[in-house]
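S.K.: What follows is a structure written as structure tokens; I'll ask about it next.
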Amino acid sequence: MGVVVVFLACVPSAFAGGPFMMVGAAEDVVKAQDYAFAKAEMDKAKLAGLDTIRLTQTWTKGQTALGPNDAITLGNAMKAAQFTGVRVILSLYPFGSSVTPLTEQDRLDFTQFAADVAKRYPLLHDFIIGNEPNLNRFWLPQFGGSGEDLAAPAYELLLAATYDALKVVRPHSTIYGGALAPRGVDKPNTGRDTHSPTTFIADLGAAYKTSGRLIPIMDAFAFHPYPETSATGPSFPHPNGTAIGLADYPKLVGLLGAAFDGTAQKGSALPILYDEFGIETQLPADKASLYTGTEPATTKPVDETVQAQMYLQAMQMTFCQPTVMGLLLFHVQDEPALSAWQSGEYYVDGTPKTSLYPVRSAAFGVHRGIVAACPSLLLTPKLVITTGKPDKTGVKVFLTCSLDCNYTVTLDNRSLTGLAVGSTPKTILFKGALPAGLHRVTAQGTVPVNTGPAGTASKSFRSR
């Protein structure tokens, strides 16, 4: 019973989209044998305005600890993130469907592997378990002989066991389940056995209820809301189908609610992380030689201006989705094979695309609270004020608003107004010598978008 209490106490409260959501990327290029290279790659992510990096670490049968080479590359990435001020989310999953952990021993090995990784990196607190288990590429079998879903129940067992193992090592960690692909066929023996997220979530909930478990299997839900093609973009909904994209947020919340509400596992209130979303770009002629292979006809890449617009739109949509905790772009830097992803803000050689600074501006707009106006979202900035030493020219007041704010700063009976950029110190000069004695500065600020109650701050000081 004591263990149950600890687990329940560590489940994080619901996130609320808005300016506190993560804006990051899924990017493994930062996992490098050379720390200087890893740090340089992490710096690129930071320059792109990104605050979070999702890394991956794969498991294979019989493995119970991180291998020595992986320990170096993952360790360099973790160190680089620490010194760059970037949050790391680690995705742990089987190397491929040929090593799906289906037996009790395989699950035990996987949980020991996950626990070993957690023990090695004390600053790591976010773990995604599995990767697209609704696809045959990462999980087999998907179906039984009668067409029943075998993937979701087997994944539920792995997720539950890994949740328990990681909570022992890192009680205050966030464990993400799902990491589902946005589409699936839901028919066995098609040559590509897959489940749609609509079916998989329902079956995952059924497996959880059947297990009789009295504690959660996840603290948040990871999802990959890729559009059908890069040209489709994020705003295309799927109201009558089983696919799920960014525009289908109400459907996703409803599915989680139907699957888990009324149990020990959060459902409709479960925080959601979109941990992969990518829009591929066309290649300029002077960069084509850096890439290999052939672009699939189904990709339909767009020009860099459109990519930036679609990433902005994705951030705007996510910002207004109340239980979403973050959006991670796939990638920071292009992959060299055209059969893979050219969805970064940098080309494969590390030089920036024209989309880099618009994406950076959009990410900053999220954290400044101005990227989108959302129904029912009311924001209040936190204000901090300090004062300089008064002299014969006057006194400087330094104001920092956590979000963009329209401010009024009052010194005794004089007031000055203006606009302060979120998290950027603003210097406000009250001209003229002050009389000796006690003086008081007050500040009030309201955000220009999603305006809620004003934030306030005050400070007293003496002049001689």
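The values are calculated or read from the model by the stated rules, or taken from the named source; none is laboratory data. This one's a predicted model, so the numbers in the text were calculated from it and none came from an experiment. Backbone-built Cβ (ideal geometry, glycine too); neighbour counts: all protein chains shown.
S.K.: If I filter the stretch 273-281 for residues that are more than 21 Å from residue 323 (Cα to Cα) and modelled with pLDDT under 95, do I get at least one hit?
M.R.: No, that holds for no residue.
S.K.: Continuing with this model, one more query. For the stretch 197-221: of the residues being touching a strand residue (DSSP E or B) at 6+ places or on another chain (Cβ under 7 Å) and part of a loop (DSSP other than H, G, I, E, B), which is nearest to residue 178 (Cα to Cα)?
M.R.: 218
S.K.: If I go through the stretch 92-123 residue by residue, how many of them are under 24 Å from residue 274 (Cβ atoms), touching a Phe, Trp or Tyr at 6+ places or on another chain (Cβ under 8 Å), not aromatic (Phe, Trp, Tyr) and not in a helix (DSSP H, G or I)?
M.R.: Residues flagged as under 24 Å from residue 274 (Cβ atoms), touching a Phe, Trp or Tyr at 6+ places or on another chain (Cβ under 8 Å), not aromatic (Phe, Trp, Tyr) and not in a helix (DSSP H, G or I) within the stretch 92-123 amount to 3.
S.K.: Here's something else I'd like to know. Kindly indicate the residue of the stretch 54-77 that is without any contact (Cβ under 8 Å) to a residue 40 or more places away in the chain and either touching an Asp or Glu at 6+ places or on another chain (Cβ under 7 Å) or part of a strand (DSSP E or B) (or both) and also farthest from residue 359 (Cα to Cα) among those meeting that condition.
M.R.: Here the answer is 58.
S.K.: Follow-up question, since we're still on this one. Given 379, 403, 438, 399, which one is surrounded by 13 or more Cβ atoms within 10 Å (Cβ to Cβ), out of contact with any His (no Cβ under 6 Å at 6 or more places or on another chain), farther than 21 Å from residue 322 by Cβ and of a type outside the set (Lys, Arg)?
M.R.: 399
S.K.: Is it the case that some residue within the stretch 180-187 is in contact with a helix residue (DSSP H, G or I) (Cβ under 6 Å, 6 or more places away or on another chain) and either of a type in the set (Ser, Thr, Tyr) or over 26 Å from residue 277 (Cα atoms) (or both)?
M.R.: No: zero hits.
S.K.: Exactly one condition in (1) surrounded by fewer than 21 Cβ atoms within 10 Å (Cβ to Cβ); (2) part of a helix (DSSP H, G or I) is false for residue 359; which is it?
M.R.: (1)
S.K.: Let me ask you something else. Specify the residue that is nearest to residue 327 (Cα to Cα); the eligible residues are those in the stretch 210-243 that are touching a residue at least 60 places away in the same chain (Cβ under 8 Å) and among the small types (Gly, Ala, Ser).
M.R.: Result: 222.
S.K.: Give the residue, chosen from 225, 216, that is farther than 19 Å from residue 131 by Cβ, in contact with a Phe, Trp or Tyr (Cβ under 9 Å, 6 or more places away or on another chain) and not aliphatic (A, V, I, L, M).
M.R.: Within the list 225, 216, the selection yields 216.
S.K.: Looking at the structure I just gave you, is residue 271 more than 19 Å from the chain's Cα centre (by Cα) and either free of Cβ contacts under 8 Å to residues at least 12 places away in the same chain or in the same structural domain as residue 20 (by TED's automatic domain parsing) (or both)?
M.R.: So residue 271 does not fit the description; no.
S.K.: On to the next question. Do you know which residues across the stretch 415-435 are crowded, with 17+ Cβ neighbours inside 10 Å and over 17 Å from residue 368 (Cα atoms)?
M.R.: Result: 428, 430, 434.
S.K.: From the list 252, 246, which one is without any contact (Cβ under 8 Å) to a residue 60 or more places away in the chain and either farther than 30 Å from residue 144 by Cα or within 25 Å of the chain's Cα centre (by Cα) (or both)?
M.R.: 252
S.K.: Could I ask something else about it? With (1) buried (at least 19 other Cβ atoms within 10 Å of the Cβ); (2) under 19 Å from residue 25 (Cα atoms) as the list, and residue 85 as the residue in question, which single condition is left unmet?
M.R.: Result: residue 85 fails condition (1) only.
S.K.: Still on this structure, I have one more. Of these, 300, 287, which one is charged (D, E, K, R), closer than 20 Å to residue 234 by Cβ and outside any strand (DSSP E or B)?
M.R.: Testing whether each residue is charged (D, E, K, R), closer than 20 Å to residue 234 by Cβ and outside any strand (DSSP E or B) leaves just 300.
S.K.: In a helix (DSSP H, G or I), surrounded by 22 or more Cβ atoms within 10 Å (Cβ to Cβ) and under 17 Å from the mean Cα position of the chain (by Cα): does that describe residue 25?
M.R.: In short, no.
S.K.: Which numbered condition in (1) surrounded by fewer than 22 Cβ atoms within 10 Å (Cβ to Cβ); (2) outside any loop (DSSP other than H, G, I, E, B); (3) touching a helix residue (DSSP H, G or I) at 6+ places or on another chain (Cβ under 8 Å) is the only one that residue 237 fails?
M.R.: It fails just one condition, (2).
S.K.: Also: So residue 50 fits all but one of (1) outside any loop (DSSP other than H, G, I, E, B); (2) touching a residue at least 60 places away in the same chain (Cβ under 8 Å); (3) surrounded by 20 or more Cβ atoms within 10 Å (Cβ to Cβ); what number is the exception?
M.R.: That leaves (1) as the condition not met.
S.K.: Can you pull out every residue in the stretch 343-374 that is more than 20 Å from the chain's Cα centre (by Cα) and more than 15 Å from residue 313 (Cα to Cα)?
M.R.: 347, 348, 349, 350, 351, 352, 353, 354
S.K.: I would also like to ask the following. Taking the stretch 297-335, which residues are surrounded by fewer than 18 Cβ atoms within 10 Å (Cβ to Cβ) and of a type in the set (Gly, Ala, Ser)?
M.R.: Answer for the stretch 297-335, where residues must be surrounded by fewer than 18 Cβ atoms within 10 Å (Cβ to Cβ) and of a type in the set (Gly, Ala, Ser): just 297.
S.K.: Still on this structure: Give me the strands (runs of 3 or more DSSP E) completely within the stretch 402-464, filtered to those with at least 1 residues that are closer than 20 Å to residue 364 by Cβ and in contact with a Cys (Cβ under 6 Å, 6 or more places away or on another chain), ordered by residue number.
M.R.: 414-420, 437-446
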